[in-house]
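Working notes, structure below.
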Amino acid sequence: MPFECETYALPNAPLLGISVAIDRVLLGELVLAMGLVPDRHVAAQTPESMTSVVLDDGMRGCVERLLRCLHDPLDAQIMGPSRLRELLFVALRGPQSDVLRALVEQQGQFARVAAAISHLHAHYTEPLNVETLASCANMSPSTFHEHFKRSTLLSPVQYLKRFRLLKAQTLLVAEGLGVAQVAHRVGYQSTSQFSREYKRYFERNPGDERAA
């Protein structure tokens, strides 16, 4: 499920992050080898929303070993695939196992919702509605709404609004753009509507956010 996050770092406490693309073929092999293939009726259901989890010692060790092997081309060539396999194996034994197993079910409802969210992230500045997103997921609007909310804990309209507002905050704070310019850039036709919804969500006016 595509998602974005934000944090703050300081010169004496820098942020270190790594993003690992999931090889679904390898993921499927591990799911089979670990005997995690779910019942067909269970697989057809949409799993609960993915959430962030604490980086425990097991996963931290996997990530550190993966990063270390990237410093040596031969190590990366020989050991890199096994490091990625180890990382996925540990993830499949963790609290997000159900979400990862759902990715193996390519035609499942979860994968369809993920495709719609990917479309939303790429086209959030354009006019979007439930019907358009439902068509990306190849679902009826009512079915899509149900599975979308189960996956994200928000309705499609709420998710789109929040995504646009978070993007707007970044533009106001990091780039110092004007309120009207930001509203237009994130897909709002009305600056006043944007200001109202921004204040309701962040409890401060976008102009105050920019000034601060």
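Structural remarks
- Taking first residues from region 135-149 that are modelled with pLDDT under 90 and partners that are part of a loop (DSSP other than H, G, I, E, B), the Cβ contacts under 6 Å between residues at least 6 apart in sequence or on separate chains come to HIS147/THR46; LYS149/SER155.
- Filter result for ALA180 (in contact with a Ser or Thr (Cβ under 7 Å, 6 or more places away or on another chain) and within 22 Å of VAL99 (Cα to Cα)): no
- In region 61-75, the residue that is farthest from LEU87 (Cα to Cα) out of those that are free of Cβ contacts under 8 Å to residues at least 12 places away in the same chain and of a type in the set (A, V, I, L, M, F, W, C) is LEU74.
- In summary, helices (runs of 4 or more DSSP H) completely within region 105-154 and bearing 2 or more residues that are within 18 Å of the chain's Cα centre (by Cα) and under 18 Å from THR51 (Cα atoms) occur at 109-123, 141-152.
- Test: ASP98 is surrounded by 10 or more Cβ atoms within 10 Å (Cβ to Cβ), at pLDDT below 85 and of a type in the set (D, E, K, R): yes
The values are calculated or read from the model by the stated rules, or taken from the named source; none is laboratory data. Computed from a predicted model, the values in this text were never measured in an experiment. Counting neighbours? That spans all protein chains shown, and the Cβs are built from the backbone with ideal geometry, glycine included.
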